[in-house]
Amino acid sequence: MNTITDINSVQIETARLYLKPLTFDQLLLYKDHDMSLAQALNLIPKYDPVVKEFVVIIESCNIPYVQHHPENILFGTLWVIIHKGERVIIGDISLKGAPSDKGLVEVWHCR
């Protein structure tokens with residue numbers, strides 16, 4: 001498996017959306033939910049209340065995974081879903097770790 005050296009250069013693009021993986025520092029900004037992630041990504045801040053349970057998941061799952069498996073960050077971090085036209089974060093998705101021996105990944109959560 002190839003190692004990603006610059007996660008900031010990775011994104012998936014559709015006609016209306018960008019899916020962008022978060023770095024460790026960006027995960028911390030997203031967890032704090034104070035609009036600083038939107039500002040850091042040069043997006044329009046939009047308030048979307050993050051429920052306490054979701055913050056617990058980020059703190060107990062995503063952050064430790066990214067810290068302990070930096071070579072597989074794309075499979076353990078959150079990916080934000082950005083609406084191109086509005087330039088706002090409209091959701092997020094997370095995978096449940098690195099691909100299996102068969103190359104399969106499991107979507108862990110989508111919000």
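The values are calculated or read from the model by the stated rules, or taken from the named source; none is laboratory data. Note that the coordinates shown come from a computational prediction; the quantities given were computed from them, not determined experimentally. Reconstructed Cβ throughout: ideal geometry from the backbone, glycine too, with neighbour counts over all protein chains shown.
Annotation: Gly85 fulfils all but one of (1) modelled with pLDDT of 90 or more; (2) touching a Pro at 6+ places or on another chain (Cβ under 7 Å); the unmet one is (2). Answer yes if at least one residue in the stretch 87-110 is in contact (Cβ under 8 Å) with a residue 40 or more places away in the chain and exposed (fewer than 13 other Cβ atoms within 10 Å of the Cβ), and no otherwise. Scanning the stretch 87-110 turns up no residue that is in contact (Cβ under 8 Å) with a residue 40 or more places away in the chain and exposed (fewer than 13 other Cβ atoms within 10 Å of the Cβ).
Suppose we keep only residues that are aromatic (Phe, Trp, Tyr) and in contact with a strand residue (DSSP E or B) (Cβ under 8 Å, 6 or more places away or on another chain) within the stretch 11-48. Which one would you say is surrounded by the fewest Cβ atoms within 10 Å (Cβ to Cβ)? If you could, list the steps in order and put the result at the bottom.
Filtering the stretch 11-48 down to residues aromatic (Phe, Trp, Tyr) leaves 18, 24, 30, 47.
With the extra rule that they be in contact with a strand residue (DSSP E or B) (Cβ under 8 Å, 6 or more places away or on another chain), the set shrinks to 18, 30.
Working: Tyr18: 18, Tyr30: 25.
Among those that are aromatic (Phe, Trp, Tyr) and in contact with a strand residue (DSSP E or B) (Cβ under 8 Å, 6 or more places away or on another chain), it is Tyr18.
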